[in-house]
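Have a look at the structure below before the remarks.
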Amino acid sequence: MDIQSIYQKTIIFAALKHSENNQLIPDSQLPYVVHLSNVAMEILIAASNTKEFDLNFATQIALLHDTLEDTTTTTFDELELEFGTEIAEGVSALTKNGDLPKEERMLDSLTRISSQRKEVWAVKLADRITNLQKPPKSWDSLKKRKYKNEAETILEKLKGANQYLENRLRSKIEEYEQYLD
């Protein structure tokens, strides 16, 4: 299947799942699918700057990366049936384990991501790149600083994933300083 068909099938699935609860990007009226398409855009550009990169796989992971974590009806089995085991496992690795204490969730996810293909690593980098925009108004100074520190941890733990995205994330972390008090 060509990348355009893969993109269309996957974004429609993800958009429907995220719209079931009218999920929006925080502090906006934008549908959540805008975030998903922004992550996929980072992947599309990274692929053109990276040798030996499975664009089809990475694009599906990018568009689906929050379906298990942020929707109420999506299951691993459904992803596996619709997109295959490898896609479902990649999305699962990107999903924080809600049964763990909050402070352990990111490191657990990064450990699971590290056992996946580099394209899954790239999606995590792309996700954080797109999230390092102006923080929600409801975030206090401590939350903003923690988010930046978490981005630095992601960059450190996923070093070697994708040079292009690592450079982009490093730059976004530097730009994010303007939001810290």
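Using only alpha carbons, build the gyration tensor for the chain and give me the equivalent ellipsoid semi-axes, biggest first, whole Å.
Numbers: eigenvalues 113, 75, 54 Å².
Those come to 24, 19, 16 Å.
Using the basic label-point model (7 angstrom from Cα toward the beta carbon), what is the Leu142 to Asn21 distance in nanometres?
Distance between label points: 2.5 nm.
Where in the range 117-156 are there trypsin sites (Lys or Arg not before Pro) that are in a DSSP coil and have at most 16 other Cβ atoms within 10 angstrom of their Cβ?
Numbers: sites: Arg117, Lys118, Lys124, Arg128, Lys137, Lys143, Lys144, Arg145, Lys146, Lys148; in loops: Arg117, Lys137.
When the trypsin sites (Lys or Arg not before Pro) of the range 117-156 are filtered for loop state and at most 16 Cβ neighbours within 10 Å, Lys137 remain.
What are the DSSP H helices in the chain that stretch 15 Å or more along their long axis, judged by alpha-carbon atoms, and whose average Kyte-Doolittle hydropathy comes to at least -1.0? All intermediate terms of the calculation are to be shown ahead of the outcome.
Working: long enough: 3-19 (23 Å, 0.39); 33-48 (23 Å, 1.54); 102-114 (19 Å, -0.90); 118-131 (20 Å, -0.29); 141-157 (24 Å, -1.58); 163-176 (20 Å, -1.55).
Membrane-span-like by this criterion, though nothing is claimed about a membrane: 3-19, 33-48, 102-114, 118-131.
Using a simple charge model, +1 on the beta-carbon of Lys and Arg, -1 on the beta-carbon of Asp and Glu, nothing else, what dipole does the chain show about its Cα centre, in debye to the nearest 20?
Numbers: 23 positive and 30 negative charges, 125 e Å.
Rounded to the nearest 20 debye, it is 600 debye.
Can you give the FRET efficiency for Lys96 and Glu174, using 1/(1 + (r/R0)^6), R0 = 22 Å, r = Cβ-Cβ distance, to the nearest 0.05? Could the numbers behind the result be given before it?
Numbers: r = 26 Å, r/R0 = 1.16.
Once the sixth-power term is evaluated, E becomes 0.30.
Among the listed pairs Lys9/Lys51; Lys134/Lys157; Lys96/Lys137; Lys17/Lys144; Lys102/Lys143; Lys51/Lys134, which have their C-alpha atoms separated by more than 22 angstrom in this model? Kindly include the intermediate steps, with their values, before the conclusion.
Details: Lys9/Lys51 25 Å; Lys134/Lys157 24 Å; Lys96/Lys137 24 Å; Lys17/Lys144 28 Å; Lys102/Lys143 13 Å; Lys51/Lys134 32 Å.
Going by Cα-Cα distance, Lys9/Lys51; Lys134/Lys157; Lys96/Lys137; Lys17/Lys144; Lys51/Lys134 fall outside the 22 Å limit.
Give me the 1.4 Å probe accessible area per residue for the range 3-179, excluding ligands and nucleic acids, in Å². Present the calculation step by step, with values, prior to reporting the outcome.
Details: 9130 Å² over 177 residues.
Spelled out: the 1.4 Å probe surface of the range 3-179, per residue, equals 52 Å².
Cα centroid distance between the range 121-181 and the range 1-68, in Å?
The range 121-181 and the range 1-68 have Cα centres spaced 19 Å from each other.
The values are calculated or read from the model by the stated rules, or taken from the named source; none is laboratory data. Predicted model, so just to flag it, every value in this text is computed and none were measured. Note that we place each Cβ from the backbone using ideal geometry, even for glycine, and neighbour counts take in every protein chain shown. For accessibility, only protein heavy atoms count, side chains too; no ligands or nucleic acids. Shrake-Rupley method; radii C 1.70, N 1.55, O 1.52, S 1.80 Å.
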